[in-house]
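Asker: This structure is in structure tokens; I'll ask about it shortly.
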Amino acid sequence: MGESKKYVHLALEMGAENAKIVSVQDLVFDPRTLLKCMYGCEDWGKRWSCPSAPKALMPWDAEKILRRYSRGIIVQAHDAERLQEIAYMIELEAFYDGYPLAFALAECYLCETCTFPAPCIFPTKARPSMQALGIDVFATVKKLGLPINTLRSKDETPNYYGLVLLE
Ligand code: SF4
């Protein structure tokens, strides 16, 4: 558990609003996230990191895989690109610290416009978001006592969340 605190500090140093150690048992899985991807997202069919990509992992299959982990770090940021950098950096540090299966979940913003359907430019760095793999982010975050709310206007400050599964 001590080492996990190091990743919390790393996240905060890199500009996260919040970072917290979580048990995978506290994650809320719900395959209905796919409905919001398919019928509520303008990026459907346009990104490699989304469930619309060919052979993408579906939420009901992803849950079985993600439940093999026991804990991770959840990270909140107001900027989605920053969040991705933080999550990826934690994954990398954890990998070198002896967590070979460490895996970051944070929406991919590495390219201004995803190259889909042309091949992904950074396939070793692109990761799916929490919701793309069937995690109900709102329910999970509320359960953990972290801030989140639906936005009525683009002027409101968004809260983005990512997760790095450690072991
Ligand atoms: S790295 Fe670029 S091409 Fe690959 S998924 Fe991310 S945005 Fe798309």
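What follows draws every value from the coordinates through simple rules; no lab data is involved. This structure is a prediction, so every number in the text was calculated from the model and none was measured. Don't worry about glycine lacking a Cβ; one is built from the backbone with ideal geometry, like all the others, and counts go over all protein chains shown.
Asker: Which of the helices in the chain, when you take each full DSSP H run, stretch at least 20 Å along the axis at their Cα atoms and have an average Kyte-Doolittle score of -1.0 or higher?
Answerer: What comes out of the filter, once short or polar helices are dropped, is 80-96.
Asker: Would you mind calculating the relative contact order of the stretch 61-167 from Cα pairs under 8 angstrom and at least 6 residues apart, reporting the percent as a whole number?
Answerer: 47
Asker: Let me check I've understood the local charge: for GLY15, count other residues with C-beta under 12 angstrom from its C-beta, Lys and Arg +1, Asp and Glu -1. What total comes out?
Answerer: Around GLY15, the charge tally is -4.
Asker: Among TRP60, TRP44, rank each residue by its count of other Cβ atoms within 10 Å, from fewest to most, as a rough exposure measure.
Answerer: TRP60, TRP44
Asker: If we count other beta carbons within 10 Å of each Cβ, what is the order of SER23, SER129, SER49, SER4, fewest first?
Answerer: Going from sparsest to densest Cβ surroundings: SER23, SER4, SER49, SER129.
Asker: So how do LEU101, LEU66 line up by other beta-carbon neighbours within 10 Å, fewest first?
Answerer: LEU101, LEU66
Asker: Identify the GluC sites (Glu not before Pro) of the stretch 87-137 meeting these criteria: DSSP loop state and at most 10 other C-beta atoms within 10 Å of the C-beta.
Answerer: GLU112
Asker: Averaged over all directions, how much area does the convex hull of the C-alpha atoms of the chain cover when projected, in nm²?
Answerer: If I average the Cα hull's projected area over directions, I get 9.4 nm².
Asker: Roughly how many whole Å is it from the C-alpha centroid of the stretch 17-52 to that of the stretch 112-167?
Answerer: Their Cα centres are 6 Å away from one another.
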